């Protein structure tokens, strides 16, 4: 019994003293607390993709919580992004039965974006131009355009998650 008591006391003392060096918190730069998301440029033919990407970036930064999203004139740094490429491909091949040909069941959209983060007034970017990508599969049982836009939003979300991770942990 005495041995158990000594063991419990030693374990409690060990837990109270020091630690392994790990700290809970963000990995962000201590002087950078806020970020602005500039208007995203869209070099693709997909309508409204820049607005979708910007919304996904704001949402992901809010979920991450490392940096607070503010207006450009109040931000410690500004993220500039450009969607440079998009492609849509068939995932499941078309099928046919006697004289009927059926549409593909599943499609995939891939997007590629570039971004950089600058500190206003500084010549050198905080994060130089970097490339990220996102992809998503979608089905189009009815309205192909709406289904493709939902797929594009998911692909943008995946790219935005990468941008946020690289920005929040880049230091």
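Can residue 24 be described as assigned to a helix (DSSP H, G or I), at pLDDT below 95 and over 17 Å from residue 166 (Cα atoms)? No. Filtering the stretch 54-73 to residues that are in a strand (DSSP E or B) and at positive phi leaves nothing.
Considering the stretch 106-117 alone, what residues qualify as being at pLDDT below 95 and surrounded by 17 or more Cβ atoms within 10 Å (Cβ to Cβ)? Across the stretch 106-117, the qualifying residues are 107, 109. All of 51, 12 fail the test of being modelled with pLDDT of 95 or more and in a helix (DSSP H, G or I), apart from 51. Within the stretch 113-147, the set of residues being farther than 30 Å from residue 78 by Cβ, assigned to a strand (DSSP E or B) and touching a residue at least 40 places away in the same chain (Cβ under 8 Å) comprises 137 only.
The values are calculated or read from the model by the stated rules, or taken from the named source; none is laboratory data. Just so we're clear, the structure is a prediction, and the values are computed from it rather than from any experiment. A quick note on method: Cβ atoms are made from the backbone with ideal geometry, for glycine too, and the neighbour counts reach across all protein chains shown.
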